[in-house]
Structure formats: C-alpha cells, structure tokens
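Beneath this line is the structure, given in structure tokens, with notes to follow.
We did not get these values from a lab; they are worked out from the coordinates using the rules stated. Source: prediction; values computed, not measured. Here the Cβ positions follow ideal geometry from the backbone for every residue, glycine too, while neighbour counts run over all protein chains shown.
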Amino acid sequence: MDVATGTGDLALLWAGEAKGVVGLDSSQEMLRIARAKAKAAGLQDQVTFTKGDATSLPFPEGTFHCSTMAFGARNVPDLGQALAEMRRVTKSGCPVLSLEFTRPSGWFRLLFYPYLHYVLPILGVLVGGNWRAYAWLRRSINSFPEVQEVSRTMEEAGLSRVQFWRLNMGTVAIHVGWK
C-alpha cells in the first residue's frame, strides 16, 4: 500500500514488482493522473488507486505486506495517527516505510537553507511558474519534525526496530519500522 500516493509514482514502481498494489490519496485530481499513468504503463490490472484519508484507512487489519508513504507525511494532519493506521493495515512482521524531506545536519545545513528559501522558489517560478507551491514546500520542510522525532512517532504508533537513513546530503530521510 502506498499512502498519500499523489500521482502514483511509487505505487507504479511497486506494481512492476508485486501484484495487488493499492495507492491511496485524498486528492481526486492526483488519482486521475495516477490512473492515467497506470493505463499508459499497462499496469492498470496490478495497481488500484483509491480516494481516502491517511488517518483512517479503509482496509482491514493486516491486509498489506508493506505500507509506504513517500513525500506525503508533511501533508497529513496527524502523522502519528497516519502511521498507526499504516501499522494496522500491514501484516505482522512486515515493514512500514516513510520517505520524506528533512532538514540536513552539519555543514550542509549552511548551504541548504539559502537554497531552500531563495534559490528553489526562484527556480520554481522560472521552471513551473508557481511561487506558492515552492513557498509551501519550504514551509512544510521547516515545520516537519526532525528525524529523531519521526522515529519516536513511529514507535509511539506501535512500530518496532525503527531505523532511519539520511540520503541526498541529509535532505531526505527513509524511516522503516516493523509491525
């Protein structure tokens, strides 16, 4: 299961490797794009896209072998509840993963903040014509919990053996916990 699937990129990646993939998102427009991508890739029989709320997943306990959320955790109103729901619908002994932007530590932080606050929004306007989307990205990254706090939230949601790895010079973190 891919929670906050957006336009379905991760769900489609999984669909090439597994059968019975479900992508869930609260935006009908994002799901429309995801379905079109699935059809274009010939994967419409391997992946189902459904509208839903990450904090109240419409599936029975223990339905999925893995639950993921990639770059969607910053958008859910209650991260702890979303992670608890992901844990609930995941089979025992299986992983729950989160991939999300984070604030880097160390020397790279000195370069990251000027880039995030000034360069990225300007590039966003020049390339995509949308200042607001990049201003939101900056705000959401700045307000998202640090990696250690995300780990604690995963543990409080009932996941065990929680670990995280920083990628991309510390600007992205993968968290994994086990049910």
Filtered pair list for the chain (Lys only, Cα < 17 Å, 8 or more apart or interchain) has a length of 5
Taking 7 Å along the Cα-to-C-beta vector as the label spot, tell me the Arg139-Arg166 distance in nanometres, rounded to one decimal.
-> 2.7 nm
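Compute the length gained on full extension between Asn130 and Arg109: take 0.36 nm times their separation in residues and subtract their Cα-Cα distance, giving the result in nm to one decimal.
Working: separation 21, 0.36 × 21 = 7.56 nm, distance 2.50 nm.
Using 0.36 nm per residue and subtracting the Cα-Cα distance, I get 5.1 nm.
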With Val89 itself left out, Lys, Arg at +1 and Asp, Glu at -1 over residues whose Cβ is under 11 Å from its Cβ give +2
Local charge sum around Pro121 (other residues, Cβ-Cβ under 10 Å, Lys/Arg +1, Asp/Glu -1)?
-> +2
When Trp14, Trp107 are arranged by how many other beta-carbons sit within 10 Å of their Cβ, fewest first, they go Trp107, Trp14
Place a +1 charge on the Cβ of each Lys and Arg in region 1-95 and a -1 charge on the Cβ of each Asp and Glu, then give the dipole magnitude about the Cα centre in debye, rounded to the nearest 20.
-> 140 debye
Computed on Cα atoms, Rg of region 13-106 relative to 2.2 N^0.38 Å comes out at 1.12
Can you tell which of Val3, Gly52, Pro121 lies farthest toward the positive end of the dipole of region 1-126, using +1 and -1 charges on the Cβ of basic and acidic side chains (Lys, Arg; Asp, Glu)?
-> Pro121
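Rank the residues His65, His175 as a footprinting-exposure proxy: fewest other Cβ atoms within 10 Å of their Cβ go first. Before the final figure, lay out each step's value.
On the way: His65 13, His175 23.
If I rank by nearby Cβ atoms, fewest first, I get His65, His175.
State to the nearest 20 debye the size of the charge dipole of the chain about its Cα centre, where the only charges are +1 on K and R beta carbons and -1 on D and E beta carbons.
On the way: 19 positive and 15 negative charges, 58 e Å.
Dipole size: approximately 280 debye.
Given only helices, namely DSSP H runs of n ≥ 4 each adding -39500 (n - 2.57), what is the per-residue ellipticity at 222 nm of the chain, to the nearest 500 deg cm²/dmol?
Helices in the chain give a 222 nm mean residue ellipticity of -10500 deg cm²/dmol.
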Any idea how far the Cα center of region 32-77 sits from the one of region 7-22, in Å?
-> 8 Å
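Most exposed first by the Cβ proxy, i.e. fewest other Cβ within 10 Å, how do Lys19, Lys179, Lys91 rank? Can you show the working numbers first?
Values: Lys19 9, Lys179 20, Lys91 14.
Going from least to most buried by this count: Lys19, Lys91, Lys179.
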Could you rank the peptides 78-88, 2-12 by their average count of other C-beta atoms within 10 Å per residue, with the highest value first?
-> 2-12, 78-88
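Is the shape of region 104-143 best called rounded, prolate or oblate, per the rule: a/c under 1.5 gives rounded, else a/b larger than b/c gives prolate, else oblate, with a ≥ b ≥ c the square roots of the Cα gyration tensor eigenvalues? Don't skip to the end; give the middle numbers.
Values: a/c = 3.87, a/b = 1.75, b/c = 2.20.
In terms of gyration-tensor shape, oblate.
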Put +1 on the Cβ of each Lys and Arg and -1 on the Cβ of each Asp and Glu in the chain; which of Val89, Val21, Thr63 then has its Cα farthest toward the positive end of the dipole?
-> Val21
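Charges only on Cβ, +1 for Lys and Arg, -1 for Asp and Glu: so what's the dipole of region 80-162 about the Cα centre, in debye to the nearest 20?
Working: 10 positive and 6 negative charges, 22 e Å.
Once rounded to the nearest 20, the dipole reads 100 debye.
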Once phi is turned into θ = phi - 60°, what whole-Hz ³J(HN,Hα) does the Karplus curve with 6.51, -1.76 and 1.60 give for every residue of region 93-110, x standing for Gly and Pro?
-> x, 10, x, 10, 10, 10, 10, 8, 5, 8, 8, x, 10, x, 4, 5, 4, 5
